[in-house]
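Presented below is the structure to which this report refers.
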Amino acid sequence: MYRIVMVFIIIFLLVASSAEAGNNLVLNGSFEITDTTGMPFGWNIQRSGDASLMLDADAYVGEKAMMIETHKTEDAQGNYLSSESGRLVQTISIVPNSHYILSFWYKFDHMSGDSIKYYIFGEANYLRSFTRWTKTMNLFESGNENRLDLTIELFQRTSKVWIDQVNLIKLKPNTNYLSNPGFDDVRKDGTPVGWIIDVQGSPTIKVENTHIYGDRCLSIEGHPGSNAPKGYPTTDRVSVTQPVLLKTNTLYNLTFWYKTTRLSDRFKVEISGESYRLPDSFEWVCKTVTINSKDNDNAIIRFIMEKRTGKVWINDVEFIESPVDEDGQ
Ligand SMILES: [Ca+2]
Ligand SMILES: [Ca+2]
């Protein structure tokens, strides 16, 4: 019996990890693989002037991110400070008439208004500067195109920007829109890749190995607090958030596993502010919420434990287009 269980677990993990890796159409999107010159494998690095493009250890995921820096020059045009540009380019084969989601993480060394852009089929998308790692996403249709010249550019500014975890996925009916849905990938600081965690008070939040399959899950624990507001046992608050892009007028299912212990009250999951309170469960239980995107092209998925004590474990979160019955119902 033990042997059968172990074989099952190993196959499950292999399938899970290969599906994750195989979904990303960007080669070396996390910049971890270097070529013989020490530059990121798979990327075409282009510069004008003395723009710097180099790998840097200040990474969102793993050991490396791409860093682009441009400097003040005397020959800058108009109101701009620099004539330099630094570009990251990768040509990717795609399928016409399909939906894709492009995403990457970036941050600046200082706030400076919009100052980096990326191109999809020649159309520029401008990004605001943030000094904390920020995710940008774009859901687009390929139309007649069968290749994407993905280009990320810093131009005419005097900025320093880091880029990491560039991801392009083709949407299929069963594609999970969430990144790191099982909390299995962890950053150096212990937080799960892809999820934004906001904390008040002093709750305990960590990725740990207690799931039935033996893989990692996220746990959140609120502790009793002496200065809690009247009627509540604690000031502790945790939210675990991931934004997703949506097709309009489409049904989506959010499905996840959770269990709880000693909760003082229900915790909840929100989809764009619409909240669903979740009852206690001492065993792992699966919950599904269905939404219609209507005219919304994005949503915020958020698990919240607010002014509650006790512990919650969460694993295997899935956000997919609702399966359509074979008879079209
Ligand atoms: Ca990386
Ligand atoms: Ca997991």
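Quick one: in region 39-71, which of the residues that are acidic (Asp, Glu) and either within 16 Å of ligand 2 (Cβ to nearest atom) or part of a strand (DSSP E or B) (or both) is modelled with the lowest pLDDT? Filtering first and then ranking leaves Glu69. Given the criteria in the same structural domain as Val317 (by TED's automatic domain parsing) and without any contact (Cβ under 8 Å) to a residue 24 or more places away in the chain, does Ser219 qualify? Judged against the criteria, Ser219 is not a match. Scan Glu283, Glu274, Glu306 and give me the residue that is more than 25 Å from the chain's Cα centre (by Cα) and among the charged types (D, E, K, R). Testing whether each residue is more than 25 Å from the chain's Cα centre (by Cα) and among the charged types (D, E, K, R) leaves just Glu283.
Looking at Arg216, Arg157, just one residue is modelled with pLDDT under 95, under 30 Å from Ala76 (Cα atoms) and surrounded by 18 or more Cβ atoms within 10 Å (Cβ to Cβ), and that residue is Arg157. Note on region 277-329: residues that are at positive phi and surrounded by fewer than 16 Cβ atoms within 10 Å (Cβ to Cβ) amount to 2.
All told, Gln90 meets the bar of being closer than 15 Å to Glu153 by Cα and assigned by TED's automatic domain parsing to the domain that holds Gly42. The set of residues in region 155-190 that are within 16 Å of ligand 1 (Cβ to nearest atom) and under 17 Å from Lys64 (Cα atoms) comprises Val161, Trp162, Ile163, Asp164, Gln165, Val166, Asn167, Asp185, Val186, Arg187, Lys188, Asp189. For region 296-307, the criterion of being part of a loop (DSSP other than H, G, I, E, B) and at pLDDT below 95 is satisfied by at least one residue. Does Val269 fit the bill of being over 21 Å from Asp185 (Cα atoms) and modelled with pLDDT of 95 or more? So Val269 passes the test.
Scanning region 233-253 finds one or more residues that are surrounded by fewer than 12 Cβ atoms within 10 Å (Cβ to Cβ), within 25 Å of the chain's Cα centre (by Cα) and in the same structural domain as Asn209 (by TED's automatic domain parsing).
Determine whether region 217-228 contains at least one residue that is under 22 Å from the mean Cα position of the chain (by Cα), within 11 Å of ligand 2 (Cβ to nearest atom) and assigned to a loop (DSSP other than H, G, I, E, B).
The answer is no; no qualifying residue exists.
Reported count of residues in region 191-206, each being within 16 Å of ligand 1 (Cβ to nearest atom) and surrounded by fewer than 19 Cβ atoms within 10 Å (Cβ to Cβ), is 2. For region 234-253, filtered to residues that are in contact with a strand residue (DSSP E or B) (Cβ under 8 Å, 6 or more places away or on another chain) and in a loop (DSSP other than H, G, I, E, B), the residue that is nearest to Phe104 (Cα to Cα) is Leu246. In region 31-47, the residues that are over 18 Å from Gln165 (Cβ atoms) reach residues that are among the aromatic types (Phe, Trp, Tyr) and within 16 Å of ligand 1 (Cβ to nearest atom) with C-beta atoms within less than 6 angstrom, at least six apart or across chains, in these pairs: Asp35/Phe41. Taken over region 282-295, residues that are away from ligand 2 (no atom under 16 Å from the Cβ) and modelled with pLDDT under 95 amount to 2. When the residues of region 10-32 are filtered to those that are at pLDDT 90 or above and either in a helix (DSSP H, G or I) or touching a Gly at 6+ places or on another chain (Cβ under 7 Å) (or both), which remaining residue is nearest to ligand 2 (Cβ to nearest atom)? The selected residue is Ser30.
The values are calculated or read from the model by the stated rules, or taken from the named source; none is laboratory data. Computed from a predicted model, the values in this text were never measured in an experiment. Cβ sites come from the backbone with ideal geometry, for glycine too, and all protein chains shown count toward neighbours.
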